[in-house]
Each structure stands twice: as C-alpha cells, then as structure tokens.
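Reviewing the structure listed below.
The values are calculated or read from the model by the stated rules, or taken from the named source; none is laboratory data. Computed from a predicted structure; not experimentally measured. As a convention, Cβ positions derive from the backbone with ideal geometry for all residues, glycine included, and neighbour counts pool all protein chains shown.
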Amino acid sequence: MEVAAVNIPPGEGRRTSWVLGELVTCKIPSRRTGGAYALFEVATRAGAGAPPHVQHREDESFYVLEGEYEFLVEGRTLRGRAGSLFYILKGTLHGHESVGAGVGRMLVSQTPGGLYERFFEEVGKPVKDGEGRHASEDHFDLRRIAAIGVRYGIEIPPPIPRHGRA
C-alpha cells in the first residue's frame, strides 16, 4: 500500500548514478507520482554538464540550489545561480555546464516522468559503496549514449567542432 507522504532525507534517494559526468540521485520516481513527473538531484563539478540534446516527450525544469550554471538553449547562452529556475519545453535544444567554483547542485524534473528515468538507468554508472560522491565519471561513449537516447525520445546531436577542429 502506498503511503500518502514520503520524506527523503538530504543525500538520499532511490538510486545514485554517474550520468554524462554528473552525479544523479532519483529523489522521487514517476511510479510514486502516477507518472506525472520524476525529480532528481544533480551534482555537477565545474566544467561538467549535459551536452546539447532535445527531449521529444518531456518538459524539463532545472532549479539551481548551489553554484552557477550556463545553459545553452536554442543557440542562446543563459546564466543562472542559486535560486534560478530554467524551464525547457519538449522539442527544445538545450544543454548545461557548471561554471562556478566547486560543485553545483540542481533539482531537475521531467514532466511527464518515466522515459528519462529509464534512460538514466541504462546509461548511468551506479555509485559503488566506498567510492564517495566526489569521484567522477570522466570518460563516456557519447555515440553509444546517443543511440540509447533515441529509444527514449532523446536526441543528442554530434558535437560541434570548436576552433575549426573536429
């Protein structure tokens, strides 16, 4: 039987994984919200973040708790610090990077919930006991992740070469 209220203490959640260089903790899965949404706490070290991508099925919200982030949204760069909210409609090209000193933290929700959770489960690398939450996933296969994303309605275009390099 489901309980009417759930308390998830700081630092805890359903599962914690490294996803695209960020530490992602599922705070409330969509199965607990009747599929309405899923909520994640995301910790991002400076210089890391999600590459530009498009979600074709979910709207996404980012609430910055700590640090400073830059969001690339449809070719525009937006900057936000603690207290900033970014709301991204499905079908919008977007990505983000932590640009402040230290680790940035955000609450991230997808509406409706479900598909993105399964994407995180498939591409994420679970945090192992004793590994610590400050270890990081430095290397990941973006082509493999992009192929997996297609199954979940997530499109990750190839990176744009910087300074004339491929």
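Numerical summary
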| item | result |
| --- | --- |
| Residue selected from the stretch 1-37 under the condition charged (D, E, K, R) and in a strand (DSSP E or B), by the criterion nearest to the chain's Cα centre (by Cα) | Glu22 |
| Criterion (crowded, with 17+ Cβ neighbours inside 10 Å and more than 19 Å from Ile156 (Cβ to Cβ)) met by exactly one of Gly49, Gly80, Gly21 | Gly80 |
| Matching option when the condition is touching a Lys or Arg at 6+ places or on another chain (Cβ under 8 Å) and either farther than 26 Å from Pro158 by Cα or in a strand (DSSP E or B) (or both), among Phe40, Phe86, Phe62 | Phe40 |
| Flag if Gly91 is assigned to a loop (DSSP other than H, G, I, E, B) and either out of contact with any His (no Cβ under 9 Å at 6 or more places or on another chain) or at pLDDT below 90 (or both) | no |
| Leading residue by the ranking (nearest to Tyr69 (Cα to Cα)) among those in the stretch 86-131 that are among the aromatic types (Phe, Trp, Tyr) and surrounded by 15 or more Cβ atoms within 10 Å (Cβ to Cβ) | Phe86 |
| Test: Val54 is over 27 Å from Gly102 (Cα atoms), at pLDDT 95 or above, within 15 Å of the chain's Cα centre (by Cα) and not charged (D, E, K, R) | yes |
| Odd one out for Ser98, checked against (1) under 21 Å from Ile28 (Cβ atoms); (2) at pLDDT 85 or above | (1) |
